[in-house]
Amino acid sequence: MKIVVLDGYTENPGDLSWEALEALGDVTVYDRTSYVESDLIAERIGDAGIVVMNKTPISKATIDKCPNIKLIAVLATGYNVIDYNYAKEKGIPVVNVPTYGTQIVGQYALGLLLEICSHYGHHDRTVKEGKWESNADWCYWDYPMIELYGKTAGIIGLGRIGQATARLLNALDMNVIAYDAYESEAGKKLAEYVSLDELFAKSDVIFLHCPLFPETEGIINKENIAKMKDGVILINNSRGQLVVEQDLADALNSGKVYAAGLDVVSTEPIKGDNPLLKAKNCLITPHISWAAQASRQRIMDITASNIRAFLDGEPVNVVNK
């Protein structure tokens, strides 16, 4: 069966191998196709039976133009760029990779917080620029140094990734509280469940680890920011649409929110008019929490397993059953 990979570069910029997929069919890999609706998408799919993609959209129009599609495999967890309901109507399973980066995403969330607390990169640059050598004192710091011991961390979304972050925060002797619509016994061992308003009121640091649903879209907005402590820190490496970006920018510029560490924004790649680009104390990285080679290898392995299971007539990780 023909397999086409529409946007393979971010998954495999050259340090992995496509051999696992090549063992399953005739594979064509494109580094990039389009991240917006385009006739090129259907053109490149052609008569392929299996479409592998990450962020290239697969719309109803594309599905109609490519009647040979039998399977859509996502090189990621999120699948909102696919018209998966229409794919279901056409009998096309959409499969994803539900767990591959739990630990690395938790690690990255903590890394964003630690950078905010100590500004390692900034101080490294100033030392190399000569500031320490010419300093009148034996040391200096250009930002407040923040100790996390004893402070309260609130996690919105205590699923697998939220729990991974909670373990790291517990190791720092922070008080960890959490809000989740579905409480679990595993979660109770790592954090105290509280209401959302209580989490906003008590947290010194807030982590977003919840999925993007209609009820969570824009959960960080001016009304909820007003419920937070003055000087709160926000960490988001989940989904950019969880945040009303102008409201967060206003809160950063006023000092209500001391700092934000973001690996995601509402439109990616980021647009030049995003208000967070000019907001005070806002650290932004380009959606790379997931990008360690080990986690990308897991994506590759699980995607190959997903395709193999489909070819064997027993599809797994189907999101549109």
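The values are calculated or read from the model by the stated rules, or taken from the named source; none is laboratory data. These numbers were taken from a predicted model, which means no experiment stands behind them. For neighbour counting, all protein chains shown are included, and Cβ atoms are generated from backbone atoms with ideal geometry for every residue, glycine included. Note: accessible area is taken over every heavy atom of the protein model, side chains too, but ligands, DNA and RNA are not part of it. Shrake-Rupley method; radii C 1.70, N 1.55, O 1.52, S 1.80 Å.
Summary table below
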{"quantity": "Check on residue 173, among the charged types (D, E, K, R), more than 23 Å from residue 265 (Cβ to Cβ) and surrounded by 15 or more Cβ atoms within 10 Å (Cβ to Cβ)", "calculated": "no"}
{"quantity": "Within the range 62-78, considering residues that are in a loop (DSSP other than H, G, I, E, B) and of a type outside the set (Val, Ile, Thr), the one surrounded by the most Cβ atoms within 10 Å (Cβ to Cβ)", "calculated": "75"}
{"quantity": "Pick from the range 40-61, criterion in contact (Cβ under 8 Å) with a residue 24 or more places away in the chain and assigned to a helix (DSSP H, G or I), ranking: surrounded by the fewest Cβ atoms within 10 Å (Cβ to Cβ)", "calculated": "60"}
{"quantity": "The range 266-284 residues that are within 20 Å of residue 111 (Cβ to Cβ) and open to solvent by 50 Å² or more (accessible area, probe 1.4 Å), paired with ones that are part of a loop (DSSP other than H, G, I, E, B) and at pLDDT 95 or above (beta carbon under 6 Å, 6 or more apart)", "calculated": "268/287"}
{"quantity": "Odd one out for residue 215, checked against (1) closer than 24 Å to residue 191 by Cα; (2) open to solvent by less than 70 Å² (accessible area, probe 1.4 Å)", "calculated": "(2)"}
{"quantity": "The range 97-140, subset part of a loop (DSSP other than H, G, I, E, B) and within 15 Å of the chain's Cα centre (by Cα), residue farthest from residue 296 (Cα to Cα)", "calculated": "98"}
{"quantity": "Count of residues meeting criterion [open to solvent by 10 Å² or more (accessible area, probe 1.4 Å), among the small types (Gly, Ala, Ser) and in contact with a helix residue (DSSP H, G or I) (Cβ under 9 Å, 6 or more places away or on another chain)] in the range 79-121", "calculated": "1"}
{"quantity": "Close pairs (9 angstrom Cβ cut-off, 6 or more residues apart or separate chains): over 20 Å from residue 41 (Cα atoms) in the range 1-23, assigned to a loop (DSSP other than H, G, I, E, B) and small (Gly, Ala, Ser) anywhere", "calculated": "18/8"}
{"quantity": "The range 4-23, residues that are surrounded by 16 or more Cβ atoms within 10 Å (Cβ to Cβ), in contact with a helix residue (DSSP H, G or I) (Cβ under 9 Å, 6 or more places away or on another chain) and in a loop (DSSP other than H, G, I, E, B)", "calculated": "6, 10, 11, 12, 16, 18"}
{"quantity": "So residue 30, is it among the aromatic types (Phe, Trp, Tyr), modelled with pLDDT of 95 or more, touching a strand residue (DSSP E or B) at 6+ places or on another chain (Cβ under 9 Å) and surrounded by fewer than 19 Cβ atoms within 10 Å (Cβ to Cβ)", "calculated": "yes"}
{"quantity": "Single match in 13, 98 (criterion: out of contact with any Asp or Glu (no Cβ under 6 Å at 6 or more places or on another chain) and at pLDDT 95 or above)", "calculated": "13"}
{"quantity": "Scan of the range 229-249 for residues that are among the polar types (S, T, N, Q) and either crowded, with 23+ Cβ neighbours inside 10 Å or in a loop (DSSP other than H, G, I, E, B) (or both), ordered by number", "calculated": "236, 237, 238"}
{"quantity": "Selected residue (only one of 275, 269 is on the phi < 0 side of the Ramachandran plot and modelled with pLDDT under 95)", "calculated": "269"}
{"quantity": "Unmet requirement for residue 252, which otherwise passes all of (1) assigned to a loop (DSSP other than H, G, I, E, B); (2) among the aliphatic types (A, V, I, L, M); (3) buried (at least 19 other Cβ atoms within 10 Å of the Cβ)", "calculated": "(1)"}
{"quantity": "Flag for residue 263 being touching a Ser or Thr at 6+ places or on another chain (Cβ under 6 Å), farther than 17 Å from residue 250 by Cα, touching a residue at least 24 places away in the same chain (Cβ under 8 Å) and of a type in the set (Asp, Glu)", "calculated": "yes"}
